[in-house]
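Notes follow the structure.
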Amino acid sequence: MELFDVYPLYNVTPVSAKGIIVTDDKGQEYLDFYGGHAVISIGHSHPHYVNRLKDQLDKIGFYSNAVQNPIQVELAHKLGALSSCEDYNLFLCNSGAEANENALKLASFKTGKSRVIAFKNGFHGRTSAAVAATDNEKINAPLNKQQKVTILPFEDLEAFKTEIGKGDVCGVILESIQGVGGLDQPSQEFYQNIASLCKEHEVILIADEVQCGYGRSGKFFAFQHFGIQPDIITIAKGMGNGFPIGGVLIHKSIEASYGLLGTTFGGNHLACAAGLAVLEVLEKENLIENSAQLFEYFKEKAATIPQVKRVKGMGLMLGLEFDFEVAELRKKLIHNQFIFTGGASDKHVLRILPALNITRENLDLFFEALKTELV
Ligand SMILES: Cc1ncc(COP(=O)(O)O)c(C=O)c1O
């Protein structure tokens, strides 16, 4: 059997990783400024993370959601406290798409309606409703296109009012900072208007924090920069630092009932140990603060590079916008400078998503390398 060939691959074979450094099978070291699509939040193979997972595996790695699992409860309590989201309950799952799928389903259960409003250039995953809410025709099969989704541009408040006013909308989903799309974000005013119109029309507001959450923006959640309060928050990526885990934070106004949601693997013991290890390191090492501080330094450094048109994003969820397409630059960074970066749907944006415990010195190295490749 061969692999189903859906990924265009770089010719790099990582075999080990520590902190921000990834080492390949030839012993070449790479600086990881991408974290495998924003997944590595506390650095590769963080010792606390490794020990916690090993300890957990020595005890019990998995049992289903039919039994008591105190580690889930501990994870929920710690997440509520660190994120200041004590008014929410947690449903655990395995990925970002699954988190959004469950969030959209809950919006529909709660309201009895079925149309979703999503936004241009948004990305919410590849499952049924999540992919339908994703602004990319190419990854929507005819099956997905049966879903009722209206995609609107950010800032067109009139269009938003018209659509939500039709009375058939169950949920509005958006990323507070778009990841795959290229680091665009709504204005504070627009986001606040959306939030109040959702309240007025009893529509569920879903903040997709799968990529921009978990400290990456310099606050625990990116929506917290905008002074709004979503009904549902979805998380994944940085939550497990590489261990597959996702979650849905559901406001207490949305009631649970047995069987409403469910999963075999979600919330298993090993996944919860990974989730707790991440939260413990975020707290102990003040990584959210580090993310906010390094953003300021990143902007200073970027200002010294004339080819950079604009810095996009916040915290360590960053994009550098150029007036040329960045595909070649990314290749040069990886093959000549041994640095991983990311692209976006907006081909002019280089995406930078390092672990939240990188240093100024790491950023200095990145900018030196960038300068070398831009001359
Ligand atoms: C904002 C956002 N939502 C959802 C997803 C889907 O997550 P997953 O790939 O874990 O299903 C992604 C993945 O890139 C994402 O960036």
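Is segment 92-150 best put as rounded, prolate or oblate by its Cα gyration tensor, with a ≥ b ≥ c the root eigenvalues, rounded for a/c under 1.5, and otherwise prolate when a/b is larger than b/c, oblate when not? Since a/c reaches 1.5 but b/c is at least a/b, the shape of segment 92-150 is classed as oblate. If you sort the three axes of the alpha carbon gyration tensor as a ≥ b ≥ c, you get a/c of 1.5 or more for segment 1-148 and a/b no higher than b/c, which makes it oblate.
Rounded to the nearest Hz, the phi-derived 3J(HN,Hα) couplings of segment 144-155 under the Karplus curve 6.51 cos²θ - 1.76 cosθ + 1.60 (θ = phi - 60°) are 5, 5, 6, 5, 9, 10, 10, 9, 10, x, 4, 6, where x marks glycine and proline. Entry note, the chain: the mean residue ellipticity at 222 nm calculated from DSSP H runs of n ≥ 4, each adding -39500 (n - 2.57), is -10500 deg cm²/dmol after division by the residues and rounding to the nearest 500. Amide H contacts of ALA17: THR23, each under 5 Å away and 5 or more positions distant or on a separate chain (H built 1.01 Å from N in the peptide plane; Pro and chain starts excluded).
Only lysines eight or more places from LYS59 in sequence, or on another chain, were considered; none has a Cα closer than 19 Å. Close amide-amide hydrogen proximity is noted between PHE119 and LEU152, each under 5 Å apart and 5 or more residues distant or on a separate chain (H modeled in the peptide plane; Pro and chain starts excluded). Taken one residue at a time, the phi angles of segment 13-23 give Karplus couplings (6.51, -1.76, 1.60, θ = phi - 60°) of 10, x, 10, 8, 7, 8, x, 9, 9, 10, 10 Hz. Gly and Pro are set to x. Ranked by how many other Cβ atoms sit within 10 Å of their own Cβ, fewest first, the residues LEU31, LEU260 fall in the order LEU260, LEU31. Listing GLU200, GLU283 from fewest to most neighbouring C-beta atoms within 10 Å gives GLU200, GLU283. If you restrict to DSSP beta bridges whose two residues both lie in segment 1-152, what percentage is antiparallel, to the nearest 5? Close to 65 percent. Each residue of segment 317-334 is assigned a 3J(HN,Hα), and the resulting list reads 10, 10, x, 10, 9, 10, 9, 10, 6, 8, 4, 5, 4, 4, 5, 5, 4, 6 Hz, derived from the Karplus form 6.51 cos²θ - 1.76 cosθ + 1.60 (θ = phi - 60°), x at Gly and Pro.
How large is the Rg to Rh ratio of the chain when both quantities use alpha carbon positions and Rh follows Kirkwood? If you can, show how the numbers build up before the last one.
Details: Rg = 20.4 Å, Rh = 21.2 Å.
Over the Cα atoms of the chain, Rg/Rh equals 0.96.
Under 14 Å from a label point set 7 Å out along the Cα-to-Cβ vector of THR372, the amide N atoms of segment 315-341 belong to 332-340.
In terms of distances greater than 31 angstrom between alpha carbons, the cross-link table entries LYS161/LYS312; LYS110/LYS219; LYS166/LYS237 yield LYS166/LYS237.
Within segment 48-284, antiparallel bridges make up roughly 40 percent of the DSSP beta bridges whose residues both belong there.
Every read-out reported here was derived from the displayed coordinates using simple, explicitly stated rules and does not represent laboratory data. Because the structure is a prediction, the values reported are computed rather than measured. Virtual Cβ from ideal backbone geometry, glycine too; neighbours counted across all protein chains shown.
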